[in-house]
Structure formats: structure tokens, C-alpha cells
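No value in this document is a laboratory result; all are computed from the given coordinates. Worth saying up front: this structure is predicted, and the values here are computed from it rather than measured. Reconstructed Cβ throughout: ideal geometry from the backbone, glycine too, with neighbour counts over all protein chains shown.
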Amino acid sequence: MLFAHLKRILGLGRLRLRGPCGANDEFLLAATAQNLRKLAKIFPAPQQLRKA
């Protein structure tokens with residue numbers, strides 16, 4: 001499912017950078033974005049305190 005999510009949701013169906021280094025960099029950025037989304041779901045944003 002993770003690879004399918006990268007292809008469909010994050011638009012990684014076709015790589016835009018050329019060469020193996022470019023493809024590696026692009027896939028690394030997409031995987032990092034996917035991991036950050038997963039972390040954001042695990043650790044919700046702290047609630048702000050309201051001043052009365």
C-alpha cells in the first residue's frame with residue numbers, strides 16, 4: 001500500500017529527474033514526505049492555551 005500511495009496520491013507514477021541519482025533523490029524525498037505525514041498522524045499538534 002505504501003508504494004501505491006506514493007504513486008497515486010503523491011504523484012510518483014513517473015519520475016521527473018534523469019539518471020539513477022536523480023531518481024534516487026526524488027524517491028528519497030517522496031519517502032521522506034510520506035514518513036512525515038505518518039509522524040504527523042502519530043503525534044498530533046499541541047493545543048494552544050487560551051487566555052481568559
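Counted by neighbouring Cβ atoms within 10 Å, the residues Phe27, Phe3 run from fewest to most as Phe3, Phe27.
What's the longest bit of the chain with no exposed trypsin sites (Lys or Arg not before Pro), using DSSP loop states and at most 13 other Cβ atoms within 10 Å as the test? Between the exposed loop sites, the longest stretch runs 19-49. The long axis of helix 19-42 is offset from the longest Cα principal axis of the chain by roughly 20 degrees. Kirkwood radius for the chain, taken over all pairs of different Cα atoms as the inverse mean of 1/r, rounds to 13.0 Å. Each stretch of four or more DSSP H residues adds -39500 (n - 2.57); spread over every residue of the chain, this sum gives -19500 deg cm²/dmol at 222 nm.
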